[in-house]
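J.: Before I ask anything, let me first share the structure, which is written out below as structure tokens.
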Amino acid sequence: MKRPGRNRGVALITAMLISAIATMVAANLAWDNALDVRRTMVLLARDQAVQVALGAESWAISILHQDMQDSQTDHLGEIWAQELPGLPIEGGEVFGAIEDLQGRFNLNNLVDQEGRVENESVEQFQRLLNALGLDPRFAGIAADWIDSNVDASFPDGAEDSIYTGMSPSYRTANQPLTSVSELAALEGMDRATFRVLEPHIVALPGRTGVNANTATAAVLQSLDENMTLPDVEGLIQEREAGGFTEIETSFASLVTPDVLNRLEESTQFFRLKVIVRIDTVRITLYSVLQRAPNGTVTPILRSFGTT
Ligand SMILES: [Ca+2]
Ligand SMILES: [Ca+2]
């Protein structure tokens, strides 16, 4: 016996099912397609942001090159030291700032060219740590990390015997640093200490002098054990208008002749920080720029997103 009503019902349900599946497939395709488009847009925006950042780097290079033609000294009143306010670009904006890295304490000064600990610099680093309210022991520990031997210095050293006993265990670098972030590996170093210290330290290739015109307050204080806070404030006030007129006059009564000899009024190493935002993409480029005596500026280290 035929049951036409029931067959029609099955046909109807089948048709509805097919139509539902077709809709689902279409929706999925549209969703995938939208994701693909979005992904491609982000990749394009990222590429573009990197190009903008490199463009900003070229601009910074020309500013530093020009600065060398215009002046013999480097101080915080010069054009390169002025932060670039946000500039609009297509779909976003770009910010930039150049910092004098020789206003910081160069950790690689802790050793001489043969990799032996240089005591005057270790003492200066101790004074810097004290000025920042940090444990001065880190100076000896950092010196051991960088110096070429594996004999722990006394009383504040730490060599392989300490680090190989840690979990996970590791060894000391026993060579100059390429990044200050290596200090995070030091025995006893924690994030809070590193954060306080970081704005005042740098890892530059070889030994460098401090630029008195741009040194941070803590670095100025580290120049001599008898340097007081009012001394530092006086120095900062004195250099405000356009750097020190005569470093020797300003510092002779405050530091030893040795330290005075190492003070400089111009700079070789700068760091550019560029932030580019395009659409939802944001990148940060850090670029260490070295300026030769003839004014040629070369990027020697680039990194994205980290210090
Ligand atoms: Ca200058
Ligand atoms: Ca060592």
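J.: Please work out the FRET efficiency for the pair V37 and T284, using the Cβ-Cβ distance as r and a Förster radius of 25 Å; give the result to the nearest 0.05.
T.: After rounding, the FRET efficiency stands at 0.45.
J.: State the Cα centre-to-centre distance between segment 54-116 and segment 236-307 in whole Å.
T.: That distance is 6 Å.
J.: Quick one: work out the % antiparallel among DSSP beta bridges in the chain, nearest 5.
T.: Numbers: 31 of 35 bridges.
Within the chain, antiparallel bridges account for around 90 percent of the total.
J.: Using only the alpha carbons of segment 172-264, determine the length spanned along each of the three principal axes and report them from longest to shortest in whole angstroms.
T.: Cα extents, longest axis first: 42, 27, 25 Å.
J.: Using each residue's phi in segment 92-97, evaluate 6.51 cos²θ - 1.76 cosθ + 1.60 at θ = phi - 60° and report the 3J(HN,Hα) Karplus result to the nearest Hz, with x for Gly and Pro.
T.: x, 7, 9, 10, x, 8
J.: Turning to a different aspect of this structure: Taking the Cα-to-Cβ direction at N7 and at E90 and moving 7 Å from each Cα, how far apart do the two end points lie in nm?
T.: 6.4
J.: With 10 angstrom as the radius, rank H65, H200 by how many other C-beta atoms surround their C-beta, starting from the fewest.
T.: Arranged by neighbour count, lowest to highest, H65, H200 become H65, H200.
J.: For the chain, what percent of Cα pairs sit more than 26 Å apart? If you can, show how the numbers build up before the last one.
T.: Numbers: 27441 of 46971 pairs.
Looking at the chain, the distances longer than 26 Å represent 58 percent of pairs.
J.: Of all the Cα-Cα pairs you can form in segment 31-76, what percent are over 15 Å apart?
T.: When every Cα pair of segment 31-76 is considered, 63 percent fall beyond 15 Å.
J.: May I ask you to derive the FRET efficiency for Q66 and E238 from their Cβ-Cβ distance with R0 = 22 Å, giving the value to the nearest 0.05?
T.: 0.25
J.: Estimate the FRET efficiency between A184 and Q82 by the formula 1/(1 + (r/R0)^6), using the beta-carbon distance for r and 41 Å for R0, to the nearest 0.05.
T.: Efficiency at R0 = 41 Å is approximately 0.80.
J.: Right, next: Would you mind classifying segment 216-272 by shape? Square roots of the alpha carbon gyration tensor eigenvalues, ordered a ≥ b ≥ c; an a/c under 1.5 is rounded, otherwise it is prolate if a/b is larger than b/c and oblate if not.
T.: Judged from the Cα gyration tensor, segment 216-272 comes out rounded (a/c under 1.5).
J.: Karplus couplings for segment 29-42 from phi (6.51 cos²θ - 1.76 cosθ + 1.60, θ = phi - 60°), rounded to Hz, Gly and Pro as x?
T.: 3J(HN,Hα) across segment 29-42, in whole Hz: 4, 5, 4, 4, 4, 5, 4, 4, 4, 4, 4, 5, 4, 5.
J.: Starting with the fewest neighbours, write out I141, I162 ranked by other beta-carbon atoms found within 10 Å of each beta-carbon.
T.: With the sparsest Cβ surroundings first, the list reads I162, I141.
J.: Please say if segment 4-104 is rounded, prolate or oblate, where rounded means a/c under 1.5 for a ≥ b ≥ c the square roots of the C-alpha gyration tensor eigenvalues, and otherwise the choice is prolate for a/b larger than b/c and oblate otherwise?
T.: Judged from the Cα gyration tensor, segment 4-104 comes out prolate (a/c at least 1.5, a/b above b/c).
J.: If you don't mind, another one. Given the C-alpha atoms of segment 39-178, compute the convex hull and give its volume per residue in Å³.
T.: Looking at segment 39-178, the number lands at 204 Å³ per residue.
J.: Quick one: what does P(r) look like for segment 70-118 with 10 Å bins over all Cα pairs, in whole %?
T.: In whole percents, the pair-distance histogram is 20, 28, 24, 20, 8, 1.
J.: Order of W31, W59 from fewest to most other C-beta atoms within 10 Å? Show your work: numbers first, answer last.
T.: Values: W31 10, W59 15.
Starting with the residue having the fewest Cβ neighbours, the order is W31, W59.
J.: Using the Karplus curve 6.51 cos²θ - 1.76 cosθ + 1.60 with θ = phi - 60°, what ³J(HN,Hα) values do you get for each residue of segment 12-18, in whole Hz, with x for Gly and Pro?
T.: 5, 4, 4, 4, 5, 4, 4
J.: Related question: Relative to the compact globular guide of 2.2 N^0.38 Å, what is the alpha carbon radius of gyration of segment 100-167, as a ratio?
T.: 1.13
J.: Would you kindly work out the equivalent ellipsoid of segment 240-307 from its C-alpha gyration tensor and give its semi-axes, the square roots of five times the eigenvalues, largest first in whole Å?
T.: Equivalent ellipsoid of segment 240-307: 35, 15, 12 Å, largest first.
J.: Quick check: residue separation of L301 and L44 times 0.36 nm, minus the Cα distance between them. What number comes out in nm?
T.: Result: 90.1 nm gained on full extension.
J.: Now for a separate question. Where Lys and Arg each count +1 and Asp and Glu each count -1, what net charge lies around E240 among other residues with Cβ under 14 Å from its Cβ?
T.: Overall, the nearby charge balance is -2.
Throughout, read-outs are computed from the coordinates displayed, never taken from laboratory work. The structure displayed is predicted, hence computed values, not measured ones. Every residue, glycine among them, receives a Cβ derived from its backbone with ideal geometry; neighbour counts consider all protein chains shown.
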